[in-house]
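This report concerns only the one structure given below.
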Ligand code: GLN
Ligand code: ZN
């Protein structure tokens, strides 16, 4: 007898109206007590279980809830709590938990820069980084060679019981031991966290036994690392780990893999003694055949067919065509999202203001569950039983395909005419830099900043008032002009060489452009968790992208009118706009990116026409777009670099193109960075003490470069001596003529009181280093 069930792997925990954010931030600020916070969380979990049941989901997860991050939950549960946090309370207390998440000084928690978090606290937060190739950030587990593990919290068990009391028999989700160890870091150089596996497994065994005792029969164990390039040691670790966990009787494991194909790890995964395997068939539909041909008869296959990473309605007929025979051939299958729905907004029902035509094409987490339930029904009972749903779905799929909203003939024709010339500057760097220098006349080690200045409470208040209609546009713009003027005057005063306008008019570096480009839509409540209580509302790219009119020229012109020094034009690059949006799925991402590149190119040219001599195109997200598998890097970097170059290459040789990137792990992509051929690149380096420059031992970076000397992620004010030392160090690897002096990133998350002395010191440091390096 075949069985088909509707399963979910995880649901957003923030609540439809970001209730969890409101509650945790109120708790951090001391406005509500712990009991109230816990009550809010419990109510959210109950509502989430109800919602899943109402949608028709049969396999409902528990323990997908988290106050901050599921990796942090796992670390705390396993007792991997570094000593600095242990004194702060009991291992299972919220105090310790939030200290690991955010450090202990609340004001250090920044809204804004996605990576500017928790730094500068009395007890620093754990390191945070991106979860695989998503925009979700997890807290990096930290382990020591003498690490002792012990089951220190029992959240999975408690939440299983909590659901049970409400009438839900859930499938608890836990993060698997191998992925957790592969994500872990140790401060001891050369120590491999994977060697701790034998010490870790007894804790997992205990956890599984206690879950069984509480009444669980299935447990979803997430091992997304199985889609990565793995070493033989890691594959051995999988075999060892699951040989052990497979011994726990009475618990059946659903091994969940997602974000890509198992590929060369498929045989390893299929040999593990687990009862079920979840595979991502959205990212990697091609792996279906191999999985089907090699999987044990009795292995329960969980088919991840609904996109957990994007917001488009699924084509149900196409899915039935594809999976009907699979369902018939296998003893048991589950229909599921490709991964946890954590990465999608909660409910489309809240989008009352979205263009109804576009809204009809979308499915948020709640709607995705409904799709899963419909598919299950059709697969289990035959298509006729869901004919009404199928017809409605086919109509909306067809409407989207035909819609003039998605197609702009002019954009397509223009793109068809784009050839290699569009991605090439008229002259090579060596020639154009001379012309640029002749015009700009900058000193050795020119000083500049990355673009934004503090987005103070007043700036945010004015924006909110304008959004609400309480402040009219004239009033708002007058306010912004004043802020800009003050920033420009101050930069002149302290002697910066290349100025910025401060970006006070921008809500966000992607949203600001998306709102002015055609082909973008914005949701009202389409929030997705980025880290902790921080949520983002990614723009939705639904159609061909074009730029109806200049986006930044007026602000640039105003700022430049205030000064004789060069004012940088400031843009977000095509790859970053793509990366931080929900991207249409009806054409390759590279094509959408090229369209954005053309729109940005138009803006670059308009800035040049208006008189801008320096234009910066930020590509903060270029690196995070790297595919999970190295074999796929080349292709991605080829189109990503090409898109940047299309946006940057229309200008005359005299116009200087800058770019900025917010990271320092460059070594593996340094040639691609060089291939972008920006005249000047600014990057993050101060925290790593210029470690990045090691890349330049073997690779001669050809153009100019500003290795950040001021760590903007911390309120700490660096002295001029320490910044000078960094510059001298940079001078050992690069020629002095190549070096620019700038902070690590934009300053929008900082306070003026930190920024002012820090930049004064930076200008001093540049002056002293100039003398030393000349
Ligand atoms: N120009 C942007 C700013 O300064 C760059 C931000 C970023 O790279 N994250 O805010
Ligand atoms: Zn940055």
**Report entry** Distance from the range 257-291 to the range 195-211 (C-alpha centre basis), Å
**Finding:** 24
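Rounded to a whole number of µm²/s, how large is the Stokes-Einstein D of the range 491-556 at 10 °C and 1.306 mPa s, given Rh as the Kirkwood radius over C-alpha pairs?
Working: Rh = 14.3 Å.
It diffuses with D of about 111 µm²/s by this estimate.
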Query raised in the report: Over the Cα atoms of the range 375-417, what Rg and Dmax result, in angstrom?
Result: 16.9, 50
Report task. Taking the Cα atoms of the range 698-749, report the difference between the largest and smallest coordinate on each principal axis, in whole Å and largest first. Result -> 33, 22, 18
**Report entry** Virtual paramagnetic centre 7 Å along Cα→Cβ of residue 591, amide N under 19 Å, in the range 378-415
**Finding:** 397-415
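For a quick protection proxy, order the peptides 540-552, 15-27, 675-687 by their average other-Cβ count within 10 Å, most packed first.
Numbers: 540-552: 20.2, 15-27: 18.6, 675-687: 22.5.
Ranked by mean Cβ neighbours within 10 Å, highest first: 675-687, 540-552, 15-27.
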Query raised in the report: Separation of the range 22-39 and the range 559-612 by C-alpha centroid, Å?
Result: 41
Report summary line: Short to long, in 5 Å steps from zero, the percent of alpha-carbon pairs of the range 195-335 per bin is 2, 9, 19, 21, 19, 14, 10, 5, 1, 0
Query - the range 483-514-the range 377-410 distance, computed between alpha-carbon centres (Å) - result: 47
Query raised in the report: Based on the Cα coordinates of the range 123-165, what is the per residue volume of their convex hull in Å³?
Result: 148
Requested in this report: Mind checking the full-extension length gain between residue 629 and residue 294? Use 0.36 nm per residue of separation minus the Cα-Cα distance, one decimal, nm.
Outcome: 118.4 nm
Requested in this report: Taking the Cβ of each residue in 377, 159 as the centre, tally the other Cβ atoms inside 10 Å and list the residues starting with the fewest.
Outcome: 377, 159
Query raised in the report: Peptides 755-763, 278-286: what's the order by average Cβ count within 10 Å, highest mean first?
Result: 278-286, 755-763
**Report entry** the range 134-283, relative contact order [Cα under 8 Å, separation at least 6], %
**Finding:** 23
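What number do you get for the range 595-673 when its Cα radius of gyration is normalised by 2.2 N^0.38 Å, N = residues?
On the way: Rg = 13.7 Å, N = 79, 2.2 N^0.38 = 11.6 Å.
So the range 595-673 has a normalised radius of gyration of 1.18.
Report the extension gain between residue 210 and residue 403 in nm, rounded to one decimal, defined as 0.36 nm multiplied by the number of residues separating them, less their alpha carbon distance. Before the final figure, lay out the partial values.
Numbers: separation 193, 0.36 × 193 = 69.48 nm, distance 5.37 nm.
Taking 0.36 nm per residue and subtracting the Cα distance, the gain is 64.1 nm.
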Query raised in the report: How high is the FRET efficiency from residue 349 to residue 385, r the C-beta distance, R0 25 Å, rounded to 0.05?
Result: 0.50
Query raised in the report: Based on Cα positions only, what radius of gyration and what Dmax would you give for the range 502-606, in angstroms?
Result: 14.8, 47
Requested in this report: With everything on Cα atoms, drop me the angle between helix 197-214 and the longest principal axis of the chain, reported from 0 to 90° to the nearest 10.
Outcome: 50
Report summary line: The Cα extents of the range 323-450 along the principal axes, largest first and rounded to whole Å, are 75, 38, 34
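Send over the per residue convex hull volume for the range 152-203, Cα only, as a whole number of Å³. Let's see the in-between values first.
Numbers: hull volume 4.8 nm³, N = 52.
Each residue corresponds to 93 Å³ of Cα convex hull volume.
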**Report entry** Extent along principal axes [Cα atoms of the range 524-682; Å; largest to smallest]
**Finding:** 47, 40, 32
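Could you give the alpha-carbon Rg of the range 723-774 over 2.2 N^0.38 Å, rounded to two decimals? Mind showing how you got there, number by number?
On the way: Rg = 12.0 Å, N = 52, 2.2 N^0.38 = 9.9 Å.
Against the compact-globule rule of thumb, the ratio is 1.22.
Note down the relative contact order for the range 16-72 as a percent, whole number, built from C-alpha pairs under 8 angstrom at least six residues apart. It would help to have the intermediate numbers written out before the result.
Details: 20 pairs, mean separation 16.8, N = 57.
Reported relative contact order: 29 percent.
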Query raised in the report: Taking only the alpha-carbon positions of the range 677-774 and ignoring solvent, what does the Debye formula give for the base-10 log of I(q)/I(0) at q = 0.25 Å⁻¹?
Result: -1.37
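Going by average Cβ density within 10 Å per residue, which order do the peptides 609-622, 394-407 take, highest to lowest?
Working: 609-622: 22.6, 394-407: 14.4.
Most protected by this proxy first, the peptides run 609-622, 394-407.
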Report summary line: Contact order relative to length for the range 402-507, counting C-alpha pairs under 8 Å separated by 6 or more residues, stands in percent at 33
Query raised in the report: the range 276-317: D in µm²/s via Stokes-Einstein (Kirkwood Rh, Cα pairs, 37 °C, 0.692 mPa s)?
Result: 290
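Estimate the FRET efficiency between residue 188 and residue 165 by the formula 1/(1 + (r/R0)^6), using the beta-carbon distance for r and 30 Å for R0, to the nearest 0.05. The partial results should precede the final answer.
Values: r = 44 Å, r/R0 = 1.47.
For residue 188 and residue 165, the calculated efficiency is 0.10.
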Query raised in the report: Give me the Kirkwood hydrodynamic radius of the chain in Å, from all C-alpha pairs, to one decimal place?
Result: 27.6
**Report entry** Estimated distance in nm for a label pair at residue 460 and residue 50, the labels positioned 7 Å out from Cα along Cα-to-Cβ
**Finding:** 3.2
Query raised in the report: In Å, what is the Rg of the alpha-carbon atoms in the range 119-258, and how long is Dmax?
Result: 16.1, 49
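Every number in this text was worked out from the coordinates using simple rules, so none of it is lab data. Here the structure is a predicted model, which is why all the values come from computation and not from measurement. Counting neighbours? That spans all protein chains shown, and the Cβs are built from the backbone with ideal geometry, glycine included.
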